[in-house]
1. Of all residues in the range 262-298, how many are more than 16 Å from the chain's Cα centre (by Cα) and within 16 Å of ligand 3 (Cβ to nearest atom)?
2. Across the range 1-28, what is the total count of residues that are open to solvent by 60 Å² or more (accessible area, probe 1.4 Å), among the charged types (D, E, K, R) and more than 22 Å from the chain's Cα centre (by Cα)?
3. Could you please give the count of residues in the range 122-161 that are within 16 Å of ligand 3 (Cβ to nearest atom) and either free of Cβ contacts under 8 Å to residues at least 40 places away in the same chain or open to solvent by 30 Å² or more (accessible area, probe 1.4 Å) (or both)?
4. Any idea which residue in the range 178-220 is nearest to ligand 2 (Cβ to nearest atom), counting only those that are open to solvent by 20 Å² or more (accessible area, probe 1.4 Å) and charged (D, E, K, R)?
5. Spot the failing condition for Gln102; the list is (1) under 23 Å from Asn388 (Cα atoms); (2) in a loop (DSSP other than H, G, I, E, B); (3) away from ligand 2 (no atom under 16 Å from the Cβ), and only one is missed.
6. Could you tell me whether Pro62 is at pLDDT below 95 and either surrounded by fewer than 24 Cβ atoms within 10 Å (Cβ to Cβ) or of a type in the set (Lys, Arg) (or both)?
7. Can you tell me which residue among Arg31, Arg90, Arg119 is open to solvent by 10 Å² or more (accessible area, probe 1.4 Å), farther than 26 Å from Lys300 by Cα and of a type in the set (Lys, Arg)?
8. Give me a count of the residues in the range 251-277 that are in contact with a His (Cβ under 9 Å, 6 or more places away or on another chain), among the charged types (D, E, K, R) and more than 18 Å from Asn97 (Cβ to Cβ).
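The values are calculated or read from the model by the stated rules, or taken from the named source; none is laboratory data. These numbers come from a predicted model, not from an experiment. Note: ideal-geometry Cβ built from the backbone for every residue, glycine included; neighbour counts use all protein chains shown. Side chains are part of the model used for accessible areas, which takes the heavy atoms of the whole protein and leaves out ligands, DNA and RNA. Shrake-Rupley method; radii C 1.70, N 1.55, O 1.52, S 1.80 Å.
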Amino acid sequence: MDSSKAERVFPALEQFRIEIPSWGFANTGTRFGKFLQPGAATTISEKFSDAAQVHQLTGVCPTVALHVHWDCPDGINSTNEIKSLSSQYRVQPGSINPNLFQDQCYKYGSFGNPDKSIRDIALQHTKDSIEIARRLQSRDISMWFADGSNYPGTANIRHRKRWFEENLKACHADLSPGQRLLVEYKPFEPAFYHTDIADWGMALLLSRTAGPQAKVLVDTGHHYLSQNIEQIVTWLLSEDMLGGFHFNDRRYADDDLTLGSIDPYQVFRIFHEILYFEWETGKRPDIAYMIDQSHNLKGKIEAMIQTVVMAQMLFAKAAIVDHPTLAAAQKDCDLVRAESLLQDAFATDVRPVIQTWRDSNGLPQDPLVAFRESGYLESITKERAARNSQNVSSYA
Ligand code: RM4
Ligand code: MN
Ligand code: MN
């Protein structure tokens, strides 16, 4: 790699941070069952401890996303414990995710439930989540809804849209000035006929209705196959409505596989569009990069480190695209030249520069090797094995 490219990688690495999910360290499974890992985290303290490992070794994961029911069992009263864990392990609480999909009352929906008393429960839970975020000094409240229906004709889709608008507006009114509401979309699962927020257009309209602090969250696994995700990203960027990402990879549905394991070029293309936008406009959009994965078969901490390393590498590759030359090639309709600029950047081995960056930050050159040599996995496996062998019930 020539020195001008290397010079572009360093600032990109300084800029790039990615949030890891607490639930990625817990025993999760598919709807057919769980394969338990003896070292999986069950308590919030164990999740913080595992997240701290990933941050110590990679240096780019200072925050951990929390799911309210799984991580704040006492609601607002859980925040003191979380604060002390956060200072003990030196990772900050990140986005706060209300759980509006698990309780029995949500069988027919949360914000879209025909029963107002259930919609009120969901609203109150979200307001509590906003308060939790405030106390933890977390900026983003990240909303994912399982709401939808399984059979044609069974739900009034227009009414449900209106109920979503009402509740999202009410949530927005509760935000402090620095906070944001991120609205996630997903075309199917668990609902299989209609989903209330099925795509980015619906998420965009609802976010706009909610208020100026609401933005769209793009989960890379939440699209139909072959959908052009980077185009969605560029449209959201140009509308100033891109709030963040949930990164994961997939082959069929919402598989939550390790990022880049199936299609690293797609992740590269997403990063490229963001960095091209930054170059062209001189603006740095405020995007929360987050991972949303659950590792059923792989070791959880290893898979998380793999993901972070992959994300960082793909971001660095995107940073070496020659933007002025690309802009000129696009203007001249020099298709092969333009395409080659992306392909060349993607094919460049950025690992040596990343290793130099790690060296200069006192980080291990290879975080995965360092993790394997650290003995951490062996020690948590000993500590947690007995408890894990009994823990088969909940999702996370
Ligand atoms: C959903 C969605 C949400 C995540 C839940 C657990 O499919 O991706 O972001 O919170 O899973
Ligand atoms: Mn998600
Ligand atoms: Mn998902």
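1. Total satisfying the criteria: 2.
2. 3
3. Our first condition is that a residue be within 16 Å of ligand 3 (Cβ to nearest atom); within the range 122-161, this holds for 142-148.
Subsequent filtering for residues that are either free of Cβ contacts under 8 Å to residues at least 40 places away in the same chain or open to solvent by 30 Å² or more (accessible area, probe 1.4 Å) (or both) retains 144.
Matching residues across the range 122-161 total 1.
4. Only one residue tops the list, namely Glu189.
5. With (1) under 23 Å from Asn388 (Cα atoms); (2) in a loop (DSSP other than H, G, I, E, B); (3) away from ligand 2 (no atom under 16 Å from the Cβ) applied to Gln102, the lone miss is (3).
6. Values: at pLDDT below 95: no; either surrounded by fewer than 24 Cβ atoms within 10 Å (Cβ to Cβ) or of a type in the set (Lys, Arg) (or both): yes.
Spelling it out, it is not the case that Pro62 is at pLDDT below 95 and either surrounded by fewer than 24 Cβ atoms within 10 Å (Cβ to Cβ) or of a type in the set (Lys, Arg) (or both).
7. Numbers: Arg31 fails: farther than 26 Å from Lys300 by Cα; Arg90 fails: farther than 26 Å from Lys300 by Cα.
That would be Arg119, the only listed residue that is open to solvent by 10 Å² or more (accessible area, probe 1.4 Å), farther than 26 Å from Lys300 by Cα and of a type in the set (Lys, Arg).
8. The initial filter retains those residues of the range 251-277 that are in contact with a His (Cβ under 9 Å, 6 or more places away or on another chain), namely 254, 256-258, 275-276.
From the residues that got through so far, the ones that are among the charged types (D, E, K, R) too are 254, 256.
The next check asks that each one be more than 18 Å from Asn97 (Cβ to Cβ); those that pass are none.
Matching residues across the range 251-277 total 0.
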